[in-house]
1. For the stretch 212-230, enumerate the residues that are part of a loop (DSSP other than H, G, I, E, B) and within 15 Å of ligand 1 (Cβ to nearest atom).
2. Run residue 301 past the list (1) closer than 20 Å to residue 134 by Cβ; (2) open to solvent by 10 Å² or more (accessible area, probe 1.4 Å) and report the number of the one that doesn't hold.
3. Take the stretch 441-488 and flag every residue that is in contact (Cβ under 8 Å) with a residue 60 or more places away in the chain and part of a strand (DSSP E or B).
4. Counting just the residues of the stretch 151-192 that are hydrophobic (A, V, I, L, M, F, W, C) and closer than 20 Å to residue 98 by Cα, which one comes out farthest from ligand 1 (Cβ to nearest atom)?
5. Determine whether the stretch 444-456 contains at least one residue that is of a type in the set (Phe, Trp, Tyr) and under 30 Å from residue 408 (Cα atoms).
6. Quick one: which of 68, 61 is at pLDDT 95 or above, assigned to a helix (DSSP H, G or I) and open to solvent by 10 Å² or more (accessible area, probe 1.4 Å)?
7. What single numbered condition from (1) more than 16 Å from ligand 1 (Cβ to nearest atom); (2) surrounded by fewer than 24 Cβ atoms within 10 Å (Cβ to Cβ) fails to hold for residue 333?
8. Can you name the residue in the stretch 98-108 that is β-branched (Val, Ile, Thr) and in contact with a helix residue (DSSP H, G or I) (Cβ under 6 Å, 6 or more places away or on another chain) and, of all such residues, is farthest from ligand 1 (Cβ to nearest atom)?
Amino acid sequence: MQKRLLSYTLAFLFLLVLAETTSIAQSAKRPNVVLIYADDIGYGDLSCYGTAKIKTPNVDRLASQGLRFTNAYATSATCTPSRFSLLTGEYAWRQKGTGVAPGNASLIIRPGRSTLPGVFKAAGYQTGAVGKWHLGLGGPEGPDWNGELKPGPIELGFTHSYIMAATGDRVPCVYVENHRVVNLDPNDPIRVDYNQKIGDWPTGRENPELLNMKHSHGHDMTIVNGVGRIGWMTGGKAALWKDEDMADVFTGQAIRFIEANQKNPFFLYFATHDIHVPRVPPPRFVGKSGLGPRGDALLEFDWEVGEVLKTLDRLGLTNNTIVVLSSDNGPVVDDGYQDQAVEKLGDHKPAGPLRGGKYSAFEAGTRVPLLVRWPGEVKAGVSKAPISQVDFLADFAALLKQPYNQADAMDSENQLDALLGRNLSGRALIVEHAGTWSVVEGNWKYIEPSNRVAFDKNTSTELGNDPKPQLYNLATDLGEKHNVADQYPGRVQQLKAQLQRIREKDAQ
Ligand code: NG6
Ligand code: CA
């Protein structure tokens, strides 16, 4: 009898140990994460989202092997605030100075706060930022281009960074690796100004005959590589990037980061320059889309995605790597250069069935493509779950069982199950910001009254602003053509109150 009890006890203990080690093994499962964050790619720009006018086979491969979301959102209709929210878990509009940042802005994210890369780093990951930054560099005095550029990505939790400071159309046109401008000759210091001309380099305003690509609006300041930019710069000749090479350079850096960390768990934030202006792809993509440089830049983006996927395959990392692909805001055709994007657009609809585009309060401003692939864990398919990029911080913290400061990431909700396709409910409320606020709850979209201009002539964008409240039923009117606010005053009041409550959250 006693013997039997002993063997039962031993068997029980054995099971207990087994259970314990399995749970350790499970909790130690730390997939790599590659977040490919495109610039200005619209809801209708990828063939897996329905366009027949452009072919993006590599992105489509990702979509067919993973989950494709139809209700995923960036938090804002421009770059800087969307990236701020993605990396901090807080709506950018809660903090002043989070609009489109000039190229000489100070870092707008406070070091020490919880961040998306910081969550991965604390969990023992190597964390890389490659590509577009556009969140400022340096302390209150601004970036020291000729010295140490900090604080920046490294101080926010990235263990390695290879970035451009702002955008392709803003000076200075140089790469920054960790704290230094790449290839800077100390005898040729960089100087940058956003208020007045500095140095004697030609500008688009004074010497338009020197431009290879003319501007349509703005972009008439310092000419670099035959392209007029926003802002003035001089110096740093040896460090200047070549626009045609940018995709190769960033993709090469992304691959190098993956290779270097193939034995560590890693998080790679690969923020491509494509398809932002100026659209200057290398000769191998020129003319290949038939849609002009904007379409060619889409093909280039697809190539970048393919290179990353190939690298994961080659290193045997595909099954243990979550690949997320999304965009920072909606599409724009003419964003300031005469690059044939308008003339060659043809029937292609960058926003698909949505109204508006980049800068707009209508859906195309913030509803963006989102793909998530994790072989064996995420079932391939399509999800209608409402997702906001502001939740990525809480999602990945939950996946890694990593604590973070919830007061910092105050808008980030754990929606990991929705992101991995385990439920279809997702977020109850989506907040969109384009200067004007909107909120989406279920099928209803409310756009708050706004006296801002309704149409941007420069970019030909319907901005979605109206002095009257707007309410749309997205189930029957995805294109936001019929404002039904007058028919549903109760719904308007309720959504208005929801928005107010969210806005006042930090005041509580
Ligand atoms: C605008 C620029 C536009 C683009 C945008 C930022 C002009 C006239 N327009 O001010 O070209 O750079 O800022 O785009 O200068 S974003 O995707 O980085 O938010
Ligand atoms: Ca953008």
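1. Initial filter on the stretch 212-230 (part of a loop (DSSP other than H, G, I, E, B)): 212, 214, 216-221, 225-226, 229.
Selection gives 214, 216, 217, 218, 219, 220, 221, 229.
2. So the condition that residue 301 fails would be (2).
3. Applying the first criterion (in contact (Cβ under 8 Å) with a residue 60 or more places away in the chain) to the stretch 441-488 yields 445, 447, 450, 456, 458-465, 474, 478-481.
Residues satisfying the conditions are 445, 447, 456, 461, 462.
4. To start, the set of residues in the stretch 151-192 that are hydrophobic (A, V, I, L, M, F, W, C) comprises 154, 156, 158, 163-166, 171, 173-174, 176, 181-182, 184, 190, 192.
Restricting the remaining residues to those that are closer than 20 Å to residue 98 by Cα gives 154, 156, 163-166, 171.
Numbers: 154: 22, 156: 19, 163: 13, 164: 11, 165: 12, 166: 8, 171: 12 Å.
Going through the qualifying residues, I end up with 154.
5. At the first step, the residues of the stretch 444-456 found to be of a type in the set (Phe, Trp, Tyr) are 444, 446, 455.
Imposing the further condition that a residue be under 30 Å from residue 408 (Cα atoms) reduces the set to 444, 446.
Among the residues of the stretch 444-456, at least one is of a type in the set (Phe, Trp, Tyr) and under 30 Å from residue 408 (Cα atoms), which makes the answer yes.
6. Values: 68 fails: assigned to a helix (DSSP H, G or I).
After ruling out the rest, the residue left standing is 61.
7. The one condition residue 333 does not meet is (1).
8. Restricting attention to the stretch 98-108, the residues satisfying the condition of being β-branched (Val, Ile, Thr) are 98, 100, 108.
With the extra rule that they be in contact with a helix residue (DSSP H, G or I) (Cβ under 6 Å, 6 or more places away or on another chain), the set shrinks to 98, 100.
On the way: 98: 11, 100: 5 Å.
It comes out as 98.
The values are calculated or read from the model by the stated rules, or taken from the named source; none is laboratory data. Small disclaimer: the values here were computed from a predicted structure and weren't measured. Neighbour counts run over all protein chains shown; Cβ positions are idealised from the backbone, glycine included. When the accessible area is computed, the model is the full protein with side chains, heavy atoms only, and any ligands, DNA or RNA have been set aside. Shrake-Rupley method; radii C 1.70, N 1.55, O 1.52, S 1.80 Å.
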